[in-house]
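What follows is a set of notes on a single structure, which appears directly below.
The values are calculated or read from the model by the stated rules, or taken from the named source; none is laboratory data. Here the structure is a predicted model, which means the values were calculated and not measured. Every residue, glycine among them, receives a Cβ derived from its backbone with ideal geometry; neighbour counts consider all protein chains shown.
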Amino acid sequence: MVESNNKLPKDFLWGFATASFQIEGSTNVDGRGPSIWDEFSRTPGKTLDGKDGDHATESYRLWREDIALLKQYGVKSYRFSLSWSRIIPLGGREDPVNEKGIQWYKDFIDELIKNGIIPFVTLYHWDLPQGLHDRYGGWLNKAEIVKDYERYARVCFEAFGDKVKYWLTMNEPWCISVLGYGRGVFAPGHGKPNGPGDASREAWIVGQNVVLAHASAVKAYREEYKPTQGGVIGITLNGDWQMPWDDTPENIAAAQHALDFAIGWFADPIYLGHYPPYMREVLGDRLPEYSDEEIKLVKGSSDFYGMNTYTTNLARAGGDDEFQGLVDYTFTRPDGTQLGTQAHCAWLQDYPDGFRDLLSYLYKRYKMPIYVTENGFAVKDENDMPVDQLLADKDRVRYYEGTTRALLAAINEDGVDVRSYFPWSFLDNFEWADGYTTRFGVTYVNYETQERIPKDSGKFLVKVRRQYDSVNSR
Ligand code: PNW
């Protein structure tokens, strides 16, 4: 029996997500230039297992197999990212375009479409051309990076815009800024505790430059490409739900402060036209102002709200972490119990009600249609399990049971306009600083043989999607 509120909107995009550097491998092929993740992941001590992205899931080579598997899963859409270094190997606006890189993505997109799969394309998922970092400091240099990114985006609209109707400019500016320039755990490794750079300033500068680059590309798209190509374009932000640890006024305020720093930092300027006042209070002049001209460009620069979310935090006032808005995050409730099931990553527990609450909050605050572009779970110690045990990924199935139920409730009971659901990830892949030790895939990848095997969670997601579809077609 399918319940009547198991309805998805007609053109709902159901699929899986990946990113170029995490799956492609073949880093030295067909004229690709180096990216900051090549260099960072090859630096001893930067990834948990000491591994880099030279092989990953070999999807640059095995792309036909990947698409065949996506088709087998019956997805309506696939979210993937383009590697800037394949398209403009040196990165800059005067640097040559690499036709081989462009051709590869054209073939890939054509094959998706031939199989009835709608491409959902991220322009930037963290793999900045190394050349731009070396030349002028990459994301730190507003005057240069905004122009270079805009040119890169134009090359992509030009080459792929006849077929691609869904564009994401940037994946997770918070991660780019804080993990790359504040905590030094992601490329290029600036910030505390060991990296170069002024950790009290750089992340805030980078955050603004990423938003300005995004907004410049959107302006170019809307003025010069959208009239003939007719797609939609926006940014995708990471952000988890924040619940007050208890009902004291300071912890209720702390939950909002945490949302201001994690989400409002980007979403408030983009959708509302200003920073959250609390950020200015905490950071003073270290938070770079948007000039009048800049904020005009930024406000309204996204056609939708792109949402990546994984977990819920219990927020407690205090601590000295500015990147969390001077709020402590915990999963331990006042009575000592845990909020949900612990994932392999310390920052992730399963709490589906938070997914629903976050959707409602974002829809009320920003009043935009929401595309869920990432959501997923890494089973604890999965990488150490024998394969048959690993394929029976109960905790991940339970996670997706919870979030898909919450998704349907948000749509049908809370009236939230949600238009896509892209679980992370289609495949186990290169999990950044964790290397290959953390697996987020609904498909197991054997990194020795590159064999792919659907996990129970992959099968589960196919099964629930079919149930919703059957309601739709009545
Ligand atoms: C996202 N955190 O990253 C990325 O978009 C993906 O590339 C990545 O593989 C996926 O989530 C799983 O980690 C995040 O520390 C990295 O809260 C870190 C955090 C959140 C998201």
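A few comments on the model shown:
- Top-ranked residue of the range 309-321 - restricted to ones that are within 12 Å of the ligand (Cβ to nearest atom) and assigned to a loop (DSSP other than H, G, I, E, B), ranked as nearest to the chain's Cα centre (by Cα): THR309
- Condition check for TYR447: surrounded by 18 or more Cβ atoms within 10 Å (Cβ to Cβ) and either among the hydroxyl-bearing types (Ser, Thr, Tyr) or touching a His at 6+ places or on another chain (Cβ under 9 Å) (or both): no
- Check on HIS274, surrounded by fewer than 18 Cβ atoms within 10 Å (Cβ to Cβ) and either touching a helix residue (DSSP H, G or I) at 6+ places or on another chain (Cβ under 6 Å) or modelled with pLDDT of 95 or more (or both): yes
- Matching residues in the range 144-178 - criterion: being surrounded by fewer than 23 Cβ atoms within 10 Å (Cβ to Cβ), over 13 Å from VAL211 (Cβ atoms) and within 16 Å of the ligand (Cβ to nearest atom): CYS175
- Those helices (runs of 4 or more DSSP H) lying entirely in the range 1-96 with at least 1 residues in contact (Cβ under 8 Å) with a residue 40 or more places away in the chain and within 19 Å of the chain's Cα centre (by Cα): 20-23, 36-42, 84-87
Here's the yes/no breakdown for (1) within 16 Å of the ligand (Cβ to nearest atom); (2) buried (at least 20 other Cβ atoms within 10 Å of the Cβ); (3) of a type in the set (Val, Ile, Thr); (4) farther than 17 Å from PHE440 by Cα:
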{"position": "THR373", "(1), (2), (3), (4)": "yes, yes, yes, no"}
{"position": "ASP384", "(1), (2), (3), (4)": "no, no, no, no"}
{"position": "GLN389", "(1), (2), (3), (4)": "no, no, no, no"}
{"position": "LYS394", "(1), (2), (3), (4)": "no, no, no, no"}
{"position": "GLY402", "(1), (2), (3), (4)": "no, yes, no, no"}
{"position": "LEU407", "(1), (2), (3), (4)": "no, yes, no, yes"}
{"position": "ILE411", "(1), (2), (3), (4)": "no, yes, yes, yes"}
{"position": "ASP414", "(1), (2), (3), (4)": "no, no, no, yes"}
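- GLN229 meets the conditions (1) touching a Gly at 6+ places or on another chain (Cβ under 7 Å); (2) free of Cβ contacts under 8 Å to residues at least 12 places away in the same chain in every case but one. The failed one is (2).
- Filter result (farther than 28 Å from GLN467 by Cα and away from the ligand (no atom under 12 Å from the Cβ)) within the range 10-26: GLU24, GLY25, SER26
- Residues located in the range 1-58, provided they are aliphatic (A, V, I, L, M) and surrounded by fewer than 24 Cβ atoms within 10 Å (Cβ to Cβ): MET1, VAL2, LEU8, LEU13, VAL29, LEU48
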